[in-house]
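Each reported figure results from applying straightforward, stated rules to the coordinates on display, with no laboratory input. These numbers come from a predicted model, not from an experiment. For neighbour counting, all protein chains shown are included, and Cβ atoms are generated from backbone atoms with ideal geometry for every residue, glycine included.
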Amino acid sequence: MLKLIKLEMRKFRIMSYIRAAMIANVVILGLICFISLNTEAKDEMLFSSYDMVFSIIDTLVRGTYIVFASVLISRLVIDEFRERSITVLFMYPIPRKKLIAAKLLVVVLFTLVADLAANLFVGFGFAVLNLFTSVIPESLTWSVAAKSLLTVVMSALATSFLSLIPLYFGMRKHSGAATIVSSLIVVALVCQNVDGFTLYSVIAVPIGLALLGAVVAYLSIRNIEHVDC
Amino acid sequence: MTHIVRTKQLTRAYRGKEVVSNVNLNIKQGEIYGMLGPNGAGKTTVMKMITNLVKPTAGEIEIFGERLTDTSFQLLARMGTIIERPIFYEKLTARENLELHCEYMGYHNKKSIDEAFELVNLKGIEKKAVKEFSLGMKQRLGIARAITTKPELLILDEPINGLDPIGIKELRDLFKMLCKHYGITILISSHILGEVELIADTIAVMNDGKLLQEVSMDHVAKQTAEYIEITTNESSKAAFVLEKHLHISNVRITDEGQIRIYDCPIPQSELMKVLVLQDVAIEAVHKKKGSLEDYFLSILNGGGIVA
């Protein structure tokens, strides 16, 4: 399986996606810096504590990487079906289930690692900024950092699986556009914030959606050995 | 003789309509097996079923002596294929595509990639992205990919599409060489009769999902042998003279009243002399050779064999 994952990454030149993810992280950091230094945001107490800032960063990162994952699904899975290159892949002496599972694992692992790295990068970047600008008066303690890190890890795990939900819509007509549009709907669902209340903070929501993502992945490979290409 | 591929009553239906119907193929080891048929005859579907891309509705396929099932992955390692059109990862270079192919196939002889490029005459452009390739170059690259792992069975669906006449000849020679020197069995489909005629040992004629005939080229050669065609108004009398005076019985009278003499044992001049002496009025005499096209069309039209 490791070899298949490596081949997938080689085939789709994963480095270009890593570069794109780095750029996205810099943009998110820039956005956070811009908002935090904006006086209106200060007035609305959006950046009153590290907890709050890390939560905002996590939400932005989550939204970004759910869409990012849908782009990966579109390239790695949907395009293979649409451009018929899947027929080449399915003529190799490897179970089809393994081939598709390798692709989905690339998406899940990429999203997980990218989500974590982005949270750490932007969080750290903001903490450095705060040293000079004192947007947040309190200092960053180990306990706040550890608690935020735990939340980020749990959130990233859920995000990496729920980001597979668009696969279901994309596979129906092998449409990349449907995949990306459905990912935006998922983002709207898990990244909204109404007066400080987010659906994602209800623990059942991320767990439920992550399970749904896993089910979608399972359904996509369950009968794959028996279908025509 | 060992059979590499055998199909028994192979059938595939889509929404109740059979696109392949009770096809029995027998492909022998080391031969070039040509599948002939017009578009929509079911050739590609048969090939897809042999490569496990499409599952049969009924019947069975035996490859290398084993029954093909949905999970017969290991059998695929012994095949090289181009089905419908050569498909690649277009942004990757030709070499990268072949390297990936070898990795997936579990074939680790790097030299074979260079050999394959050389065999299909693509040496020097293997570092180009495939998206810059013409259709003909893609066909060559597809063949390179199919042969790079030295498969026992090569399945090529219309492999000469998009090639120029020189390219066609090169590939024809390549197929013959692969068959002769490497013992590779080749299943090739085409609607270009002349091409199949030049390389195939056995042909299968398909139409409307049915296998109309599976026949060796030796047999076809006999059926499409040279003959002398005589145009006369007295065809019955001419036939009588041929039989009585020259003892030629391998004669056929066509619907148009012409007489065709196969395996004529005497020179044409001698033949004419006897007929004229017996007062048979001759309008024209031609020496002709039946083509595979005649044979093919006669089978497709449901008639007997026309030479």
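Points to keep in mind about this one:
- Taken along the Cα-to-beta-carbon direction at a fixed 7 Å, the label points for B:R95 and B:N24 span 5.1 nm.
- Per-residue average of Cβ from other chains inside 10 Å of B:46-54: 3
- Tensor-based shape of region A:71-116 (alpha-carbon gyration tensor, a/c under 1.5 rounded, otherwise prolate or oblate): oblate
- Over the Cα atoms of the protein assembly as shown, the radius of gyration divided by the Kirkwood radius equals 1.21; this is the Rg/Rh ratio.
- Calculated on the Cα set of region A:96-189, radius of gyration then Dmax: 17.6, 56 Å.
- Inter-label distance, nm, simple model (7 Å from Cα along the C-beta direction), A:D51/B:D208: 7.9
- Nearest 10 degrees, 0 to 90: helix A:142-162 Cα axis against chain A principal axis: 30
- Over region A:2-223: Rg over Rh, Cα atoms, Kirkwood Rh: 1.02
- Of the residues B:M105, A:M52, the one with the fewest other Cβ atoms within 10 Å heads the list, and the complete ranking is A:M52, B:M105.
- Estimated translational D of chain B in µm²/s (Stokes, Kirkwood radius over Cα pairs; 20 °C; 1.002 mPa s): 98
- Nearest-0.05 FRET efficiency for A:R222 and B:A58, computed from C-beta distance (R0 30 Å): 0.80
- Cross-link partners for B:K131 among the aspartates and glutamates, with Cα-Cα distance under 15 Å and sequence neighbours closer than 8 places in the same chain left out: A:E83, B:E90, B:E96.
- Dividing the mean sequence gap of close Cα pairs (under 8 Å, 6+ apart) by how many residues chain B holds gives a relative contact order of 20 percent.
- With the charge dipole of region A:2-223 set up from +1 on Lys and Arg Cβ and -1 on Asp and Glu Cβ about the Cα centre, the Cα lying farthest toward the positive end among the listed residues A:V27, A:V107, A:I56 is that of A:V107.
- Region B:202-220 and region A:167-229 have Cα centres spaced 51 Å apart.
- Ranking of B:D157, A:D51, A:D195, B:D263 by count of other Cβ atoms within 10 Å, fewest first: A:D195, B:D263, A:D51, B:D157
- Residues of region B:90-122 with amide N under 19 Å of a point placed 7 Å along Cα→Cβ from B:I166: B:117-122
- With Cα atoms defining each centre, region B:60-94 and region B:266-286 are spaced 58 Å apart in the structure.
- Count Lys and Arg as plus one, Asp and Glu as minus one, and take only other residues whose Cβ is under 15 Å from that of A:K147; the net charge is then -3.
- Peptide-level mean, for A:94-106, of C-beta atoms on other protein chains within 10 Å: 1
- Residues B:E84, B:E256 arranged by fewest to most Cβ contacts within 10 Å: B:E256, B:E84
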